[in-house]
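Taking it in order: structure first as structure tokens, then the write-up.
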Amino acid sequence: MAFLDHVLQSPAYGWKDDGGNLVKPGVGDIFKEFFSRLNVFNDVKNWLPFFSWLKVFCLIPFFFLFVFKFFTLGLLAAAFIYSMIVMGTHGTIWHHRYCTHGAYKFRNGFWRFFTQNLTINVIPEEIYVVSHHVHHAKSDQPGDPYNAEAGFLYCFLADVNHQPIAKDLSEADYDRVKLLMSHTGVKANTYTQYQKWGSYVNPARATMAWVLNWSFWYLTFYLIGGHALACTLFGAAGFWAVGVRTFNYEGHGKGEDKQREGVDFSHRDKSINQLWPGLVAGEWHNNHHLFPKSARSGFKAHQVDMAWYYIKFMSMVGAVSSYTDSKKQFLEQYHLPYLAAKNAEKKVLVEEKV
């Protein structure tokens with residue numbers, strides 16, 4: 001646990017006060033931290049969060065071209081599907097279930113590379129993966145990098161303010177970061193390079209991967225539907241890149257207890273199952289917090305899980321060599337006992353009436 005206490009760069013306002021309570025910074029403090037950490041001229045080690053938001057801003061012109069030049073109802077439908085379903089599901093498949101939790105394994109590096117680049121490259125794996133391990137260890141507690149109790153902006157700007165790794169890790173701790181990231185295929189900086197750049201990934205390699213990915217997908221979309229389709233889908237990716245930053249705030253009840261009996265079974269935190277994120281991205285979040293290493297989190301019949309369908313299909317064709325599926329365990333430990341208890345309650349009520 002000590003490693004996860006300091007693996008992330010602490011914000012200037014800190015994680016908790018002297019009494020151990022969560023620090024809830026004001027709007028001014030959050031924005032001050034945000035712009036300070038984007039300042040690559042003051043510290044080159046700020047390059048990764050700057051790089052992450054640079055990609056978002058580079059997508060904005062495509063969005064405006066779609067809205068003001070190429071807009072049609074057909075392209076709107078394409079944008080909706082690509083943003084809400086394709087990008088969302090891929091984030092669950094790649095960043096969440098594979099990179100962070102290792103819920104399944106690829107047969108070889110080709111299929112890992114194929115899955116990694118199924119969509120337009122937006123979120124750096126390093127920012128997502130390491131911080132998400134901390135999130136699960138400290139969910140809704142001080143130190144959780146996107147603690148919903150601290151408010152919307154605390155979560156929305158967390159990729160800059162709270163999620164980057166610390167810049168002063170020892171070599172032993174940096175080796176532990178490498179262990180968390182090694183299976184992703186993202187090549188690590190040496191410790192000397194880490195001390196220079198403050199990151200696991202090297203800026204040259206990250207930039208090259210970005211350029212190649214965007215070039216491939218723009219050309220592909222252009223060949224299918226010209227500049228109109230390419231700008232539409234790149235704009236849709238930008239829309240998703242902004243929207244996804246709201247998920248953990250919503251997915252943890254906006255910091256309130258919004259769990260429902262018979263729907264949310266993990267009570268260690270405030271995570272909730274939401275219909276929309278579940279349907280479009282397989283993010284049945286409370287189920288996921290129960291079984292974070294499961295390649296499936298849509299455990300009930302109505303819980304559509306397109307991320308799981310992709311993983312299962314890849315297993316069937318031999319691209320995925322193994323996976324963990326916790327559906328049976330969920331049913332046996334939580335859902336079926338709940339149904340049995342409710343049926344017993346109904347039986348008692350009936351007998352009392354008689």
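I'd like the residue in region 89-148 that is aliphatic (A, V, I, L, M) and surrounded by fewer than 18 Cβ atoms within 10 Å (Cβ to Cβ) and, out of all such residues, is modelled with the highest pLDDT.
Here the residue is 118.
Take the residues in region 203-248 that are over 22 Å from residue 46 (Cβ atoms) and modelled with pLDDT under 95; name whichever of them is surrounded by the most Cβ atoms within 10 Å (Cβ to Cβ).
248
Please indicate, with yes or no, whether at least one residue in region 322-336 is part of a loop (DSSP other than H, G, I, E, B) and surrounded by fewer than 11 Cβ atoms within 10 Å (Cβ to Cβ).
no
If residue 159 satisfies all but one of (1) farther than 21 Å from residue 64 by Cα; (2) surrounded by fewer than 20 Cβ atoms within 10 Å (Cβ to Cβ); (3) of a type in the set (D, E, K, R), what's the number of the condition it fails?
Residue 159 satisfies every listed condition except (2).
Among the residues of region 83-116, write down those that are more than 14 Å from the chain's Cα centre (by Cα) and either of a type in the set (D, E, K, R) or not in a helix (DSSP H, G or I) (or both).
103, 104, 105, 106, 107, 108, 112
Consider region 148-185. How many of its residues are of a type in the set (Gly, Ala, Ser), more than 15 Å from residue 12 (Cβ to Cβ) and outside any helix (DSSP H, G or I)?
3
If you scan region 125-169, which residues turn out to be under 24 Å from residue 207 (Cα atoms) and of a type in the set (S, T, N, Q)?
Of everything in region 125-169, those that are under 24 Å from residue 207 (Cα atoms) and of a type in the set (S, T, N, Q) turn out to be 131, 161, 163.
May I ask you to list pairs of residues, at least six apart or on different chains, whose Cβ atoms are under 6 Å apart, with the first in region 14-42 being closer than 15 Å to residue 160 by Cα and surrounded by fewer than 17 Cβ atoms within 10 Å (Cβ to Cβ) and the second being of a type in the set (S, T, N, Q) and modelled with pLDDT of 95 or more?
These pairs meet every condition: 39/46; 40/46.
If I ask for residues that are assigned to a loop (DSSP other than H, G, I, E, B), of a type in the set (S, T, N, Q) and surrounded by 24 or more Cβ atoms within 10 Å (Cβ to Cβ), which ones from region 265-290 would you list?
Hits for region 265-290 are 271, 273.
Restricting attention to region 226-285, which residues are of a type in the set (Phe, Trp, Tyr) and touching a residue at least 12 places away in the same chain (Cβ under 8 Å)?
234, 239, 240, 247, 249, 265, 284
Condition (residue is more than 22 Å from residue 133 (Cβ to Cβ) and in contact (Cβ under 8 Å) with a residue 40 or more places away in the chain) applied to region 298-308: is it met by at least one residue?
Within region 298-308, one or more residues are more than 22 Å from residue 133 (Cβ to Cβ) and in contact (Cβ under 8 Å) with a residue 40 or more places away in the chain.
Take the residues in region 186-212 that are of a type in the set (A, V, I, L, M, F, W, C) and outside any loop (DSSP other than H, G, I, E, B); name whichever of them is nearest to residue 120 (Cα to Cα).
Looking at residues that are of a type in the set (A, V, I, L, M, F, W, C) and outside any loop (DSSP other than H, G, I, E, B), I get 210.
Residue check: is residue 119 assigned to a helix (DSSP H, G or I), closer than 16 Å to residue 310 by Cβ and in contact (Cβ under 8 Å) with a residue 24 or more places away in the chain?
No, not satisfied.
Looking only at residues that are buried (at least 17 other Cβ atoms within 10 Å of the Cβ) and in contact (Cβ under 8 Å) with a residue 60 or more places away in the chain in region 189-202, which one is farthest from residue 10 (Cα to Cα)?
Filtering first and then ranking leaves 201.
Residue check: is residue 321 under 20 Å from the mean Cα position of the chain (by Cα) and within 27 Å of residue 110 (Cα to Cα)?
Here the answer is no, as residue 321 does not meet what is asked.
Does region 9-49 hold any residues that are out of contact with any Ser or Thr (no Cβ under 9 Å at 6 or more places or on another chain) and among the aliphatic types (A, V, I, L, M), and which are they?
22, 23, 27, 30, 38, 40, 44 - these are the residues of region 9-49 that are out of contact with any Ser or Thr (no Cβ under 9 Å at 6 or more places or on another chain) and among the aliphatic types (A, V, I, L, M).
How many of the residues making up region 293-317 are crowded, with 19+ Cβ neighbours inside 10 Å and outside any helix (DSSP H, G or I)?
7
The values are calculated or read from the model by the stated rules, or taken from the named source; none is laboratory data. The structure displayed is predicted, hence computed values, not measured ones. Cβ sites come from the backbone with ideal geometry, for glycine too, and all protein chains shown count toward neighbours.
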